[in-house]
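To start, the structure itself, in structure tokens.
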Amino acid sequence: MLKLAIYGKGGIGKSTVTSNLAAAFARLGRKVIQIGCDPKADSTINLLGGAPVIPVMNFLREHDREPERIEEIAKTGFGGVLCIETGGPTPGLGCAGRGIITTFSLLADLKLFETYKPDVVLYDVLGDVVCGGFAAPIREGYASQVLIVTSGEKMALYAANNINSAVHNFEDRGYAAVRGIVLNRRSVDREEEKVRAFADANNLPIVADIPRSDDIIHYEDMGKTVVEGDPELDVSRRFLTLAQLLLDEEQEHSA
């Protein structure tokens, strides 16, 4: 099973990258789970035609009980991708990371992975904080690899450096390792040069280069990923290429 956690600065396009990657894996015939680990609970919406799934934390508040079946807190989206959102506490109250920890505990109790038997699990993780609940996706075997999404913007690269350092600090505990950088372009001056310098300095490959694309916005306005909307577009092919690369590596590792 391929288990990936996607991190990056807030607003850098993690959810766009994650959901398109999920759609790409699905187009390649794989069984996929995507878990959004953000109180905004918008990670999976473009896999669901714009109709969101109820976040786990909302379910707990509204029903005053734990879910008894996965179907109560999950929806099946494009390509059969099973979509789950952790959600978070009531705004202004409690710790957002607690929603991730609570959700993971519930999913274990419901035997999600044993029941669904996915080929790929994707975790879309809030912002650039890799501590407490936000580190949960890379602990205890949940994810084995980390992708860091960044542009050439100064603060995006600053966050990418913090994430990379934090993941390295966890390495001796057997946590996930950084697989590489996804360059999500923002039309910044000398963008590729800046991101490549960061990647080279940290001995990390740039595993995908996603262009700024109006096609992504066009299909998101329709509640779709661009991979669902038109898999023949150049930007869609880049997600499909990344998905195939990761699958090939997983197969080699498992052989």
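General observations
- If R0 is taken as 30 Å, the Cβ-Cβ distance between Phe113 and Ser187 corresponds to a FRET efficiency of 0.15.
- Pairs over the 31 Å Cα-Cα cut-off, from the set Lys9/Lys31; Lys9/Lys224; Lys31/Lys154; Lys9/Lys75; Lys31/Lys194; Lys111/Lys154: Lys31/Lys154; Lys31/Lys194; Lys111/Lys154.
- Amide H partners (placed H, <5 Å) of Arg186, local residues excluded: Gly152
- Three-way shape label, the range 160-255, alpha-carbon gyration tensor, a/c 1.5: oblate
- Our coupling estimate for the range 151-160, obtained by passing each phi through the Karplus curve with A = 6.51, B = -1.76, C = 1.60 and θ = phi - 60°, is 10, x, 5, 4, 6, 5, 5, 4, 5, 4 Hz, Gly and Pro reported as x.
- Label-point separation in nm, Asp64 to Leu233, each point 7 Å along Cα→Cβ: 4.6 nm
- The Cα center of the range 193-255 and the Cα center of the range 1-80 differ in position by 18 Å.
- Computed label-point distance, nm, for sites Glu171 and Asp209 using a 7 Å Cα→Cβ extension: 2.6 nm
- Neighbours of Cys37, meaning other residues whose beta-carbon lies under 9 angstrom from its beta-carbon, give a summed charge of -3 when Lys and Arg score +1 and Asp and Glu score -1.
- Compared with the direct C-alpha span, the chain from Gln244 to His218 gains 6.9 nm at full extension, assuming 0.36 nm per residue.
- Scalar couplings 3J(HN,Hα) for the range 191-202, obtained by applying the Karplus form with A = 6.51, B = -1.76, C = 1.60 to θ = phi - 60°, are 4, 4, 4, 5, 5, 5, 4, 5, 4, 5, 5, 10 Hz; x denotes Gly and Pro.
- Shown in residue order for the range 107-114 are the 3J(HN,Hα) couplings computed by the Karplus curve 6.51 cos²θ - 1.76 cosθ + 1.60 at θ = phi - 60°: 5, 5, 4, 7, 6, 4, 6, 5 Hz (x for Gly and Pro).
Taken together, the values in this text are just the output of simple stated rules run on the coordinates, not laboratory data. It should be emphasised that the depicted structure is a prediction, and the values quoted were computed from it without experimental measurement. Ideal geometry is used to build each Cβ from the backbone, glycine not excepted, and the neighbour counts take in all protein chains shown.
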